[in-house]
Structures are given as C-alpha cells and as structure tokens.
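All remarks here apply to the structure that follows.
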Amino acid sequence: MKKNLNNKIPHEQPSKSIDQQEKIDREKRRRLMIIGASCGLILCLTTLVIFKKEMSEEVIGILYMITGIFGACLTEAYNFEFGFLKKKFRNKNKPKRE
C-alpha cells in the first residue's frame, strides 16, 4: 500500500484533538492494565481452587507465586490509576517543620 505523501492532509485535525487522542490512548492503556491484572488474578485463583488436589506441591507453589505477582500488579495498577498511595506517601515522608 502506498501512502499519500502530500504536505497538507485535507482532514487534518488541530493539535488539541491530538492531545485528546493521547488522553484516550492513556485511558485505554490504564483500563487494559487493570483488566489484564484482574483477569490474571482471577484465572490463577480459579485454577488453584479447581485443580489444587490434582497438582503437585511445586506447581501449587508456582501458581501461588504468580497469583501474588498478579495481586501486586493489580495494586500497582490501581495506585497508578487513582494516584492514592503516591499522595499518602508524600505527606507521610515530608519532614515536619518545628
């Protein structure tokens, strides 16, 4: 496929819409991050509940570790999304003036 390399594109949008598109893309990434971490966590927990009796202890340990990683990812995703812990830690670590 050949692209049209004209200097001006008739349907070109102003720079404000580019900023809006970047915000939309950021929102999509945030949602994908939270959905991915949630699905991974649910899948690991479901696998552990259903197949725990049939698996060896090593496999169960590995699944627990992966479940913990997905839980940490989900925590980080929510912290990134809402910025809750960042503000909390900033206020907590500030030196007090006397």
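A short reminder: the numbers here are calculations on the coordinates, not readings from a lab. From a predicted model like this one, the values you see are computed outputs, not experimental measurements. Cβ sites come from the backbone with ideal geometry, for glycine too, and all protein chains shown count toward neighbours.
From Lys28, Lys23, Lys52, grab the single residue that is farther than 26 Å from Glu81 by Cα, basic (Lys, Arg), free of Cβ contacts under 8 Å to residues at least 60 places away in the same chain and out of contact with any His (no Cβ under 9 Å at 6 or more places or on another chain).
Lys52
Taking the condition of being within 10 Å of the chain's Cα centre (by Cα) and surrounded by 14 or more Cβ atoms within 10 Å (Cβ to Cβ), how many residues in region 56-75 meet it?
2
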